[in-house]
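Here's the structure we're looking at; comments come further down.
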Amino acid sequence: MVETAAATPSNQNGSVVRAARRSPAAHLAGTFEAASLAGVAEIKEIPFQTMAGIRVQRDGDAGARVAAVSGGLPAACGEVVQNGGLSTLWLGPAEFLVIAPENAHASLGGDLLQALTEALGDGQGQVVDLSANRTIFELSGTKAREVLEKGCSLDLHPRAFKAGTAVSTEIGHIPAILWKSGEDTFQVLPRASFADFLGRWLVDGMREFASPEVP
Amino acid sequence: MLLISCPNCGPRDETEFHYGGQAHVAYPEDPYALNDREWAEYLFYRDNTKGAYAERWVHSTGCRQWFNMLRDTVSYEIQAVYPMGAAAPTTTAQAPEGASK
Ligand SMILES: [Zn+2]
């Protein structure tokens, strides 16, 4: 489908694809803006990122070839490898998620999926386009951790959960990937069908911090 | 809620896992050689142990990997977590009072 769109001459700059796209939490954009308080607790959706699901044994030949394209494969739970605009998250001993900017996707002229597929070759494993599987919520601010702690039972204290770590866990009783991308910044990745629920759930958790403190 | 130590991810809430029933139930060497009763016993009959019980779990919300666990069905104490395919470790833990296999 995306390949067909990219091949249309009138769509060479991707404007047709971009105009047709609707993100899983697009309808919450106003709600997110109204719920955010700069520096304290802010939320926004980062939609349409290119995501590739990879299953490969990282210590084999195929794993080495895939790693050469992704810029490395993380070795253990929590690890994220960042290289040249690509972030590769550990999801399992032989399962990884590569996250790249929107224009890495074939529909906008990118070749990430193709490059990964070619690297895997006939090796055991798979490379799957998961770009539409999840959306990203960026939750930031000094109270971002407290918002998440309302519905995530992991130890999110900085001494245990360091920036540059990502885990697959539960937030607000639903499965999501939680990636701490900065000291006060978290990327929360729910599946598209959970985006509305989790978006509203996070907004609900932010409410107390966006109101003036009662003395 | 149980706090289960996934061999890959570390301690996580029980709700991140799914239960896979009794461990070490081997698939029959030759299923065709079994009569209906033996086949039904393989499919549906499981121990109902009071005490240390070897069972399979999968970390569904995390690494999606299966592992074995030795859990006391009375106290819920997790006595061991070990890989699929490995033999159940012998436990020196006390069986609860009145427990028999
Ligand atoms: Zn796990």
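Per residue of region B:63-75, in order, report the coupling 6.51 cos²θ - 1.76 cosθ + 1.60 (Karplus, θ = phi - 60°) as ³J(HN,Hα) in whole Hz, putting x for Gly and Pro.
Coupling constants for region B:63-75: 7, 6, 9, 8, 7, 9, 9, 9, 10, 7, 6, 9, 8 Hz.
Below 8 Å, C-alpha to C-alpha, sequence gap of six or more: please give me the relative contact order for region A:81-186 in percent. Working shown, then result.
On the way: 112 pairs, mean separation 18.8, N = 106.
Once normalised by length, the contact order is 18 percent.
Assigning unit charges at the beta carbon (Lys, Arg +1; Asp, Glu -1) and nothing else, what dipole magnitude in debye, to the nearest 20, does chain A show about its Cα centre? Walk me through the numbers on the way to the answer.
Numbers: 17 positive and 24 negative charges, 36 e Å.
With Lys and Arg at +1 and Asp and Glu at -1, about 180 debye.
Using the Cα centre of region A:48-132 as origin and beta-carbon charges of +1 (Lys, Arg) and -1 (Asp, Glu), tell me which of A:90, A:120, A:71 is placed farthest towards the positive end of the dipole.
The residue sitting farthest along the positive end of the dipole is A:90.
Given H placed 1.01 Å from N in the peptide plane, which residues other than close sequence neighbours of residue A:50 have an amide H under 5 Å from its amide H?
Amide H neighbours of residue A:50, under 5 Å, 5+ apart: A:100, A:102, A:104.
Binning at 5 angstrom from zero up to the longest distance, how are the C-alpha pair distances of region A:48-132 distributed in percent?
With a bin width of 5 Å, the distribution comes to 3, 18, 30, 28, 16, 5, 1.
What do you reckon, how do A:27, A:157 stack up by accessible area (1.4 Å probe), largest on top? Walk me through the numbers before you get to the answer.
Working: A:27 105, A:157 65 Å².
So, going from the largest accessible area down, we get A:27, A:157.
How large is ³J(HN,Hα) for each residue in region A:162-178, as worked out from phi by the Karplus curve 6.51 cos²θ - 1.76 cosθ + 1.60 (θ = phi - 60°), to whole Hz, x for Gly and Pro?
8, 4, x, 10, 9, 9, 9, 8, 10, 10, x, 6, 10, x, 7, 9, 10
Can you give the accessible area of residue A:155 in Å² (nearest 10), computed on protein heavy atoms with a 1.4 Å probe?
For residue A:155, solvent-accessible area is about 80 Å².
Calculate, in whole percent, how much of the Cα-Cα pair population of chain A lies beyond 31 Å.
Percentage above 31 Å: 24.
Could you tally the net charge around residue A:30, taking each other residue with its Cβ under 14 Å from the Cβ of residue A:30, Lys/Arg +1 and Asp/Glu -1?
Around residue A:30, the charge tally is -1.
With the crude spin-label approximation of a point 7 Å out along Cα→Cβ, what separation in nm comes out for residue A:200 versus residue A:22?
Taking the two extended label points, one gets 1.7 nm.
What residues in region B:50-76 lose 40 Å² or more of accessible surface when the other protein chains are added to their chain alone (1.4 Å probe)?
Buried by the other chains: B:61, B:64.
Given region A:85-155, what whole percent of its Cα pairs are spread farther than 21 Å? Working shown, then result.
Details: 1080 of 2485 pairs.
Everything past 21 Å amounts to 43 percent.
Tell me, what is the per residue accessible area of region A:48-132 in Å², probe radius 1.4 Å?
Values: 3660 Å² over 85 residues.
Solvent-accessible surface per residue comes out at 43 Å².
Considering the zone a paramagnetic label at residue B:47 would reach in this model (a point 7 Å from Cα along the Cα-to-Cβ line), which residues of region B:2-32 have amide N under 16 Å from it?
Label zone hits: B:20-27.
Would you mind checking the tilt of helix A:61-70 against the longest principal axis of the Cα atoms of chain A, expressed as 0 to 90 degrees and rounded to 10?
Helix A:61-70 and the main axis of chain A meet at about 60 degrees.
Give the lysines reachable from residue A:162 as a straight Cα distance under 24 Å; neighbours fewer than 8 places away on the same chain don't count.
Straight-line reach from residue A:162, under 24 Å: A:44, A:143, A:150, A:180.
Jot down the radius of gyration and Dmax of chain B, Cα atoms only, both in angstrom.
In Å, with Rg to one decimal and Dmax whole: 15.1, 43.
What aspartates and glutamates could a cross-link reach from residue B:50, if we take a straight Cα to Cα line under 18 Å and drop same-chain neighbours fewer than 8 places away?
B:72, B:77, B:97
Ignoring ligands, DNA and RNA and using a 1.4 Å probe, state the total buried accessible area between B and A in Å², rounded to the nearest 100.
Approximately 1000 Å² gets buried when B meets A.
Give the carbon-plus-sulfur fraction of the accessible surface of region B:48-89 in %, rounded to a whole number; probe 1.4 Å, heavy atoms of protein chains only.
Numbers: 980 of 1970 Å².
Of all accessible area on region B:48-89, carbon and sulfur atoms account for 50 percent.
Please list A:120, B:43 from largest to smallest accessible area, probe radius 1.4 Å, with all protein chains kept in place. Walk me through the intermediate numbers first.
Numbers: A:120 10, B:43 70 Å².
Of A:120, B:43, the descending order of accessible area is B:43, A:120.
Can you list the residues of region A:77-93 whose accessible area drops by at least 20 Å² going from the chain on its own to the full set of protein chains, with a 1.4 Å probe?
With the partner chains in place, region A:77-93 has these residues losing at least 20 Å²: A:77, A:90, A:91, A:93.
Figure the gain on full extension for residue B:87 and residue B:22 (residue separation times 0.36 nm, minus the Cα-Cα span) and round it to one decimal in nm.
Working: separation 65, 0.36 × 65 = 23.40 nm, distance 1.32 nm.
Working it through step by step, the gained length comes to 22.1 nm.
At 1.4 Å probe size, with no ligands or nucleic acids counted, give the accessible surface of residue A:207 in Å², nearest ten.
140 Å²
The values are calculated or read from the model by the stated rules, or taken from the named source; none is laboratory data. If you're wondering where the values come from, they're calculated on a predicted model, not measured in any experiment. With ideal geometry, Cβ positions are generated from the backbone for all residues, glycine too; neighbour counts draw on all protein chains shown. These area figures cover heavy atoms from the full protein model, side chains too; ligands, DNA and RNA do not enter into them. Shrake-Rupley method; radii C 1.70, N 1.55, O 1.52, S 1.80 Å.
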